[in-house]
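The next block holds one structure in the form of structure tokens; read it before the comments.
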Amino acid sequence: MEFTSYMDQALEEARAAGARGEVPVGAVLVSPAGNVVARAGNRTRELSDPTGHAEVLVLREACRALGSERVPGHVIYVTLEPCPMCAAAISAARVARLVYGAADPKSGGVAQGARVFAHPQCHHVPEVLDGIAASEAEVLLRDFFAARR
């Protein structure tokens, strides 16, 4: 099976989020046919919503568009390792594959920290590919936080 990355579009969303003053994280959800169903960047500050992470926004938009609470067969591309909240949402939505860029040793919920998919109460575990365009995502985050210090 050929792998096509949509991480460039997730990086575009991350850049746009950073330009809005949000933590630069972007996400894109792709259908089994390879169509982009939804894309978003973080909007926690803009929406005054602690759940306004890119992953949650993408899943909300896609589920609304598809008229379903689940998106089986879909792939989510995220520039940063999802936090525990987002990992749980990805599992609940039955996403088939999670592709992410930079690891998040501080707040990650997949390979770091809570490791949501390894928990016995996790009902669905997506295939996980990590490190895709990690250096680009890391630079975005590092530059964003350096500018705020």
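The values are calculated or read from the model by the stated rules, or taken from the named source; none is laboratory data. Not measured: the values here are computed from a predicted model. Here the Cβ is made from the backbone with ideal geometry for all residues, glycine too, and neighbour counts use every protein chain on show. Only protein heavy atoms, including side chains, enter the accessible area calculation; ligands, DNA and RNA are left aside. Shrake-Rupley method; radii C 1.70, N 1.55, O 1.52, S 1.80 Å.
Summary table
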quantity: Meets criteria (open to solvent by 20 Å² or more (accessible area, probe 1.4 Å), more than 14 Å from Val28 (Cα to Cα), free of Cβ contacts under 8 Å to residues at least 40 places away in the same chain and not polar (S, T, N, Q)) for Asp104; calculated: yes
quantity: Count - residues of region 21-51 that are part of a loop (DSSP other than H, G, I, E, B) and either in contact with an Asp or Glu (Cβ under 7 Å, 6 or more places away or on another chain) or crowded, with 22+ Cβ neighbours inside 10 Å (or both); calculated: 5
quantity: Leading residue by the ranking (surrounded by the fewest Cβ atoms within 10 Å (Cβ to Cβ)) among those in region 120-149 that are more than 23 Å from Ala16 (Cα to Cα) and touching a helix residue (DSSP H, G or I) at 6+ places or on another chain (Cβ under 9 Å); calculated: His123
quantity: Of all residues making up region 52-62, the number that are closer than 16 Å to Tyr100 by Cβ and open to solvent by 40 Å² or more (accessible area, probe 1.4 Å); calculated: 1
quantity: Condition check for Gly113: in contact with a Pro (Cβ under 7 Å, 6 or more places away or on another chain) and either open to solvent by 50 Å² or more (accessible area, probe 1.4 Å) or outside any loop (DSSP other than H, G, I, E, B) (or both); calculated: yes
quantity: Every pair of residues 6+ apart whose Cβ atoms lie under 9 Å, when the first sits in region 69-81 and is within 10 Å of Pro126 (Cβ to Cβ) while the second is assigned to a strand (DSSP E or B) and open to solvent by 10 Å² or more (accessible area, probe 1.4 Å); calculated: His74/Val37; His74/Arg97; Val75/Arg97; Val75/Glu127; Ile76/Arg97
quantity: In region 122-149, residue farthest from Thr79 (Cα to Cα) [restricted to those that are in a helix (DSSP H, G or I) and among the basic types (Lys, Arg)]; calculated: Arg148
